[in-house]
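K.L.:
Dropping the structure in here first, questions after.
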Amino acid sequence: MLGIVFAVLGGFAFADADLVWDDAALLEVHLPTVQSWQEFWVLPEGFRQWYGENQRPLSLLSLALDNHLWGQDYRGHHWSQALGYGLVVALFCSLVQALLRIWSPQGDPKRRQAAVWLAGLLFALHPTHVESAAWLSARNDLVSAALFLIAARATLAALEARASSVAWFFSLAAGAASLGSLLAKESGIAAAAVVVLMVALVQPEGSKRKWGLALPSVAATALLFLFRGGPQLPSLAEDVGARWFGALGWQWQALVRPFGHRLFYEPPAPEWGYLALAFWFFTGLLALAEAVRRRPWWLFFWAWALLTLAPSWAVAWWPLMESTVADRYLLLPVAALALWIGWAVSQKRAWATGLGIAAVLAFGAGSLRYGAVWAGPPGKLALHMSEAAPTNLSIRLAAIRRCQRAQDAETLETVFALKPEPIETPHQKGRLAAMRSLVLYSIGDMQGASEAAIQATEQGPDDARHWQQLGFLRYQIYRSLVNDPKPGQEIPRLLGEARFALGTAVQKEPRSYRSWFYLGRTHMALNELPQARNAFLKTIEHGGSQPETDWARSLDQIMPLPPQGWGKRVEEAKQRARESRRPAEAWHQLGMMLKELYLDTVWLSPQGQGPAGPVREARDCFEQALGLQPKMVEAHYELGLVCATLRDWPAAKQAFDNTIRYGAGTVLAHWAKENLEGIATEHAATEQ
């Protein structure tokens, strides 16, 4: 029941949370480049350079399935995430129920059931779990945790089974789940260890200890490490002790006092490390003493917490937490706290009931406060994460991109100006300049953005993303000049620079479908049609179900402009828009394609005046979209652009006014204001 409740709550609360930090790169850039089942195991080179040497095929398959089912409608992805969280909560409750039944077979069933509910609420409402329910990049934690809990629950079923065949069936199921947990995330290695822990410390009344039931889980984990291949662990860091010490301090602080500034907060003060060390040492001694007295549950809770902190052990090799830490690492360690209080409540400890209820209320309030940040406007979370770790460049970039996606120009500028400024680490060369480029592009300063992008390529010449950004910006500057009556040699130079930068990007990352897409459009603008067709075919090959793939396919079909039968294809596309389940979006998409096609080829025509057919058709498409959805900000803005191209100044002004009216505070509204100023100047010059 609790699983269903929290799945529904998470779905409704976070359906519109969109993408945060790694989400966009994972779902929109790298995952579409995976072209076979084998590549979920051995990732393509560009994906591996970004993702690291992690092997998480089950988690990636889960996200790929969401991409297949929902495309870029990320509400569907978030519902999948919420359902996964609900499943983890339900599995945890089932585990608590079985443990209490084994440890207290003579206990009051009603008291035991109340303890299960209280432990389940503590687990589900812990503030550190908001990220697991809301953040799509936490999918690997959810998948691994679900399989981890299945392995633990199957082990209990094997221990309780009276028939040997039934016990071995559940033991094999636990082995398969342990293997799956490890294939979802590296921290799943703790699953086999917890299975051994259960066989050692959880013994049903009247039964003998059955060590053999742990064999499938241990063997599956060992065999995977023997045969999986892949990279070996690098040598230990010189400051491994300090790293482990700091990680323990963060974990202990987040477990017992999860009410600070959540999401990518900086590591705690060293004092927390001393407290954590003292806590684990003295509680370990107490747990061992209790185990000697044949009360093994204390040792079980202690060992569970320590084993499931496995993600932090990786700081010995990689600087995972050198600047920030994330709550999603604590999905399973929190279970130890909830198990302990649930067990104490089942034993009629008066203090435990009061403590449990107080913790549920406090955790619920903390989760409500933090959940409101994820469920609120996109800019709210962007500002929240930047304020939490202001010097972290990756987080500041992620916040800026989130504002761009939401077209929130006001928050974007606030995030960019936030002090202190982010610090560029040695492995982030060029990222600070890339951040400036993104911001300048968002406020319409194309030339400044392009200069910052050039600086990024000079500082980080091996990063394909910097070259893609530079090529995209040079191409966009060309697009802003195509209607200039005196472009001179500026346009050929810009297109040549765009071609070089995008060509460099695809050399460094051959599966970058966005680089191929804009390279194809650049070739098309240069009238290099064979090269354009090849680039569009590469886009289709590597782009999966991304929008660029459909655009590339459409552009490939109608080159050159206008080909024989072009008008017929446009009519067929219009008919598909009429029959679409989302006709307004379909009309808008068709209008965009026609407008882009016109602008990609207009400068090749005499006096820069290309055939007006496509742009007139585009105007009709945008008007059709607005007839169905009058407040579509994007359609108003694009309608303004095509009307300005057709020199219909009154219609362009009205469209830009509507953009400002319906999209107040967005990037498009900011651009609309600049276009209105340009229209006033152009209109006055025309009248003279």
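The values are calculated or read from the model by the stated rules, or taken from the named source; none is laboratory data. These numbers come from a predicted model, not from an experiment. Please note: Cβ atoms are built from the backbone with ideal geometry, for glycine as well, and neighbour counts cover all protein chains shown. For the accessible areas, the whole protein counts, side chains as well, though only heavy atoms, and no ligand, DNA or RNA atoms are used. Shrake-Rupley method; radii C 1.70, N 1.55, O 1.52, S 1.80 Å.
K.L.:
Which condition number in (1) hydroxyl-bearing (Ser, Thr, Tyr); (2) at pLDDT 80 or above; (3) open to solvent by less than 50 Å² (accessible area, probe 1.4 Å) is the one that TYR662 fails?
P.N.:
(3) is the only condition that TYR662 fails.
K.L.:
Looking only at the range 622-675, which residues are farther than 18 Å from GLY444 by Cα and in contact with a His (Cβ under 8 Å, 6 or more places away or on another chain)?
P.N.:
Hits for the range 622-675 are PHE622, ALA625, LEU626, MET632, ALA635, TRP649, ALA655, ASN658, TYR662.
K.L.:
Collect the residues in the range 122-176 that are touching a residue at least 40 places away in the same chain (Cβ under 8 Å) and of a type in the set (S, T, N, Q), keeping them in residue-number order.
P.N.:
Selection gives THR128, SER132, SER137, ASN140, SER144, THR155, SER171.
K.L.:
Might you let me know whether the range 96-114 holds any residue that is modelled with pLDDT under 90, closer than 21 Å to LEU361 by Cβ and β-branched (Val, Ile, Thr)?
P.N.:
So far as the range 96-114 goes, no, none of its residues is modelled with pLDDT under 90, closer than 21 Å to LEU361 by Cβ and β-branched (Val, Ile, Thr).
K.L.:
Condition first: within 30 Å of GLN97 (Cα to Cα), open to solvent by less than 40 Å² (accessible area, probe 1.4 Å) and among the hydrophobic types (A, V, I, L, M, F, W, C). Now tell me which residues in the range 1-49 satisfy that. Reasoning before the result, please.
P.N.:
Just the residues of the range 1-49 that are within 30 Å of GLN97 (Cα to Cα), to begin with: 1-14.
Retained after the next criterion (residues that are open to solvent by less than 40 Å² (accessible area, probe 1.4 Å)): 2-3, 6-7, 10-11, 14.
Across the range 1-49, the qualifying residues are LEU2, PHE6, ALA7, PHE14.
K.L.:
Within the range 374-391, how many residues are aromatic (Phe, Trp, Tyr) and either assigned to a loop (DSSP other than H, G, I, E, B) or over 17 Å from the mean Cα position of the chain (by Cα) (or both)?
P.N.:
So the answer is 0.
K.L.:
Which one is modelled with the lowest pLDDT among residues in the range 666-676 that are open to solvent by less than 40 Å² (accessible area, probe 1.4 Å) and within 28 Å of the chain's Cα centre (by Cα)? Can you show your working first?
P.N.:
If we filter the range 666-676 for residues that are open to solvent by less than 40 Å² (accessible area, probe 1.4 Å), which is where we start, we get 666-669, 672, 676.
Now restrict to residues that are within 28 Å of the chain's Cα centre (by Cα): 666-669.
On the way: THR666: 78, VAL667: 75, LEU668: 84, ALA669: 84.
That would be VAL667.
K.L.:
Kindly establish whether THR353 is modelled with pLDDT of 85 or more and either part of a helix (DSSP H, G or I) or open to solvent by 50 Å² or more (accessible area, probe 1.4 Å) (or both). Can you show your working first?
P.N.:
Details: modelled with pLDDT of 85 or more: no; either part of a helix (DSSP H, G or I) or open to solvent by 50 Å² or more (accessible area, probe 1.4 Å) (or both): yes.
For THR353, the condition - modelled with pLDDT of 85 or more and either part of a helix (DSSP H, G or I) or open to solvent by 50 Å² or more (accessible area, probe 1.4 Å) (or both) - is not met.
K.L.:
Can you spot a residue in the range 88-95 that is surrounded by fewer than 24 Cβ atoms within 10 Å (Cβ to Cβ), over 30 Å from LEU31 (Cβ atoms) and in contact with a Gly (Cβ under 8 Å, 6 or more places away or on another chain)?
P.N.:
yes
K.L.:
Next question, about the same structure. Would you check which residues across the range 127-154 are touching a Ser or Thr at 6+ places or on another chain (Cβ under 7 Å) and either part of a loop (DSSP other than H, G, I, E, B) or within 29 Å of VAL218 (Cβ to Cβ) (or both) and list them? Steps first, answer last, please.
P.N.:
Taking the range 127-154 as the starting set, the residues that turn out to be touching a Ser or Thr at 6+ places or on another chain (Cβ under 7 Å) are 127, 130, 138-144, 147-148, 151, 153.
Within the range 127-154, ALA138, ARG139, ASN140, ASP141, LEU142, VAL143, SER144, LEU147, PHE148, ALA151, ARG153 meet the criteria.
K.L.:
Six or more apart or on different chains, Cβ under 7 Å: which pairs go from a residue in the range 552-578 that's β-branched (Val, Ile, Thr) and at pLDDT 60 or above to one that's part of a helix (DSSP H, G or I) and open to solvent by less than 40 Å² (accessible area, probe 1.4 Å)? Could you list them?
P.N.:
Note: pairs meeting the criteria are ILE558/TRP566; ILE558/LEU597.
K.L.:
A follow-up question, please. Suppose we filter the range 191-250 for residues that are out of contact with any Pro (no Cβ under 7 Å at 6 or more places or on another chain), open to solvent by less than 40 Å² (accessible area, probe 1.4 Å) and modelled with pLDDT under 80; how many remain?
P.N.:
7
K.L.:
Got a number for residues in the range 140-165 being open to solvent by 20 Å² or more (accessible area, probe 1.4 Å), polar (S, T, N, Q) and at pLDDT 90 or above?
P.N.:
Residues flagged as open to solvent by 20 Å² or more (accessible area, probe 1.4 Å), polar (S, T, N, Q) and at pLDDT 90 or above within the range 140-165 amount to 0.
K.L.:
Tell me, which residue of the range 631-646 that is open to solvent by 30 Å² or more (accessible area, probe 1.4 Å) and hydrophobic (A, V, I, L, M, F, W, C) is nearest to GLN407 (Cα to Cα)?
P.N.:
Among those residues, the one meeting the criterion is LEU641.
K.L.:
Out of the residues in the range 408-420 that are modelled with pLDDT of 85 or more and not in a helix (DSSP H, G or I), state the one that is least open to solvent (accessible area, probe 1.4 Å).
P.N.:
Ranking the candidates gives LEU418 first.
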